[in-house]
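Have a look at the structure below, then the notes.
What follows draws every value from the coordinates through simple rules; no lab data is involved. Everything quoted here is computed from the prediction, not taken from an experiment. Cβ: placed from backbone, ideal geometry, glycine included. Neighbour counts: every protein chain shown.
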């Protein structure tokens, strides 16, 4: 088993052939290029059991040789930092499951699995590999051109892969920076197998949810941050196609990924504080804001008006819905424009390279250096305990909080919930998992109730602009009546939501922290 450090870069088809001839790279190449045709067949069951357990099983043909690979994929959530991988040369094109012993696949190997396993999709790639020496490190640059084939569905592959064979990640990042300044490259958030599965299920343009994050108990705080931050970045950017397609859930999931990443930056602030970090935060905030309005209008339509549709004044509500749909469409166009912009493309790669080897990794400040090397377990226990204590202090008087302070409490609760998910792998024994489940329930309910209160406040804040903006006097009057009906209903709901939030806070206070 090996942990690889591999960075994928998407490149337009008409530009990828220039990569090997860039002056900044030619002087680093240490040998002749190696050209291969790689045909990789991925196997799974009809129900995609391996995919659902975070595994990939492929047989790759390289000339006359066949290599079987077992990978722990999305469940590991390690992005460019690699996935657990087991490789063996085999004699035929059919997987040899006897070699699964000692791998992550072993617990799933049964007679039924052997019977159901079949080819699910394939990748066909013309690969040119260049050995590079940068600094004191050995890096392999692979130029991949080809396609993914899943039945009648096909998707082109045009990407560069930088794999650190030995040495310092800083040297890999330096090569990526050279490529970034010479080619229109973008960070590749989705590996080929994830794209292949998306083709199989017809979900290539659908929303992508967050995967579990695998943190090892022997990690330092810095290692934990890199894994967590890359997983959050991959979650956000994996929704790029869904946002381009105007998918409301895709916009929401990209926003969730960005919020998770920004929460991680807050949680790990003691070890990543630097001017470069501030620049990354600025860009992440910009993209989050470009997505926000689309989500707000979607929530108002589906959760504010939707449940009241039958009881609301019909003609007036139809006018309001048409107006909101127009506004949502404009907001979706704004989100789409952001993702299609050069600023977005730069953001993804800049953030990935900063996570891998930003200024934060080299700060000479003794306190920051000590924080980086601190065991991740101890860091997690301190962060979780401190954030819980702060939340319980504020949540003890939810009824007395104004909307602004409730909003701040909601953000704090959300960050604690993200933190419990980030650090779950550090507390994965049976007893801790059961305690985590009991702790997670009231925490989730508290976040949900505070979120509903915030939605009501947001709707009230934007109501005036909706009611008085655009249209004839008759339409404005209709919208005023309909939005007033919605706000009146939500106002009566507010008391129940406050009471439910207070109850959830009391339950959270009684729950035993799973990290103690």
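For residue 325 and residue 140, FRET efficiency with R0 = 56 Å and r from the beta-carbon atoms, rounded to 0.05? All intermediate terms of the calculation are to be shown ahead of the outcome.
Working: r = 50 Å, r/R0 = 0.90.
The value I calculate is 0.65.
Given R₀ = 60 Å, FRET efficiency for residue 129-residue 394 by Cβ-Cβ distance, to 0.05? Let's see the in-between values first.
Numbers: r = 55 Å, r/R0 = 0.92.
After rounding, the FRET efficiency stands at 0.60.
Kindly state, as a whole number, the per residue volume in cubic angstrom of the convex hull around the alpha carbon atoms of the range 230-346. Could you put the intermediate results ahead of the total?
Details: hull volume 12.2 nm³, N = 117.
About 105 Å³ per residue, rounded to a whole number.
With all distinct Cα pairs included, what does the Kirkwood hydrodynamic radius of the range 288-510 come out to in Å, to one decimal, could you say? Could the numbers behind the result be given before it?
Values: mean 1/r = 0.0482 Å⁻¹.
Over the range 288-510, the inverse of the mean reciprocal pair distance is 20.7 Å.
With no solvent and one equal point scatterer per Cα, compute the Debye intensity ratio I(q)/I(0) for the range 18-129 at 0.21, 0.23 Å⁻¹ and report its log10, rounded to two decimals.
With one equal scatterer per Cα and no solvent, log10 I(q)/I(0) is -1.17, -1.31.
Hey, what number do you get for the chain at 222 nm if only DSSP H runs of n ≥ 4 count, each worth -39500 (n - 2.57), divided across all residues, to the nearest 500? Walk me through the numbers on the way to the answer.
Working: 17 runs with 276 residues, N = 516.
My calculation for the chain gives -18000 deg cm²/dmol from helical runs alone.
Find how much the distance from residue 269 to residue 22 grows on full extension, using 0.36 nm per residue of separation minus their present alpha carbon separation; answer in nm with one decimal.
On the way: separation 247, 0.36 × 247 = 88.92 nm, distance 3.75 nm.
Gain in length upon complete extension: 85.2 nm.
Which three extents, in angstrom, do the Cα atoms of the range 146-209 have along their principal axes, listed largest first?
So the extents along the principal axes, rounded to whole Å, are 40, 23, 22.
Would you list 156, 55 from fewest to most Cβ contacts within 10 Å? If you can, show how the numbers build up before the last one.
Details: 156 10, 55 24.
Least crowded to most crowded, the residues run 156, 55.
Using only the alpha carbons of the range 316-366, what is the convex hull's orientation-averaged projected area in square nanometres?
Working: hull surface 24.2 nm².
Averaged projected hull area, Cα only: 6.1 nm².
Can you tell me the orientation of helix 169-182 relative to the chain, as the angle in degrees between its alpha-carbon axis and the longest Cα principal axis, to the nearest 10?
Helix 169-182 and the main axis of the chain meet at about 80 degrees.
Contour minus end-to-end for residue 468 and residue 405, with contour as 0.36 nm per residue of separation and end-to-end as the Cα-Cα distance?
19.8 nm
When all C-alpha to C-alpha distances in the chain are sorted into bins of 10 Å, what percent of pairs does each bin hold, rounded to whole numbers?
4, 16, 25, 25, 18, 9, 3, 0
Cα centroids of the range 321-372 and the range 150-220: how far apart, whole angstrom?
Each part's Cα centre sits 16 Å from the other's.
Pull out a ≥ b ≥ c, the square roots of the eigenvalues of the alpha-carbon gyration tensor of the range 327-447, then state rounded if a/c is under 1.5, prolate if not and a/b is larger than b/c, and oblate in the remaining case.
Details: a/c = 1.83, a/b = 1.11, b/c = 1.65.
The shape class here is oblate.
Using a 10 Å cut-off around each Cβ, can you sort 344, 147, 418 from fewest to most neighbouring Cβ atoms?
Details: 344 19, 147 13, 418 23.
Fewest to most other Cβ atoms nearby, the residues stand as 147, 344, 418.
Determine the distance separating the Cα centre of the range 275-305 from the Cα centre of the range 22-50; give it in Å without decimals.
When both Cα centres are located, 36 Å separates them.
Using only the alpha-carbon atoms, what does the range 5-204 span along each of its principal axes? Please give whole angstrom values in decreasing order.
So the three principal-axis extents are 54, 35, 33 Å.
Nearest 10 degrees is fine. How inclined is helix 192-201 to the longest principal axis of the chain, computing both from alpha carbons?
That helix lies at roughly 60 degrees to the long axis.
Please arrange 205, 52 by how many other C-beta atoms lie within 10 Å of their C-beta, fewest to most. Could the numbers behind the result be given before it?
Numbers: 205 16, 52 13.
Ordered from fewest to most neighbouring Cβ atoms within 10 Å, 205, 52 come out as 52, 205.
Return the FRET efficiency for the residue pair residue 209, residue 477: r is the Cβ-Cβ distance, R0 is 35 Å, and the value is rounded to the nearest 0.05. Write down the numbers at each step before the final one.
Values: r = 42 Å, r/R0 = 1.19.
With a Förster radius of 35 Å, E is 0.25.
Compare the peptides 497-510, 427-440 by average per-residue count of other Cβ atoms within 10 angstrom and give them in order, highest first. Numbers along the way, then the final one.
Details: 497-510: 17.8, 427-440: 13.7.
Going from most to least packed, we get 497-510, 427-440.
Take the alpha-carbon centre of the range 384-424, take the same for the range 432-492, and report the distance between them in whole Å.
If we compute the Cα centre of each part, the gap is 20 Å.
Using alpha carbons only, how many degrees (0 to 90, rounded to 10) separate the axis of helix 314-339 from the longest principal axis of the chain?
With rounding to tens, the tilt is 30 degrees.
Residue 440 to residue 36: extension gain in nm, 0.36 nm per residue of separation minus the Cα-Cα distance? Don't skip to the answer; put the middle values down first.
On the way: separation 404, 0.36 × 404 = 145.44 nm, distance 4.91 nm.
My answer for the length gained is 140.5 nm.
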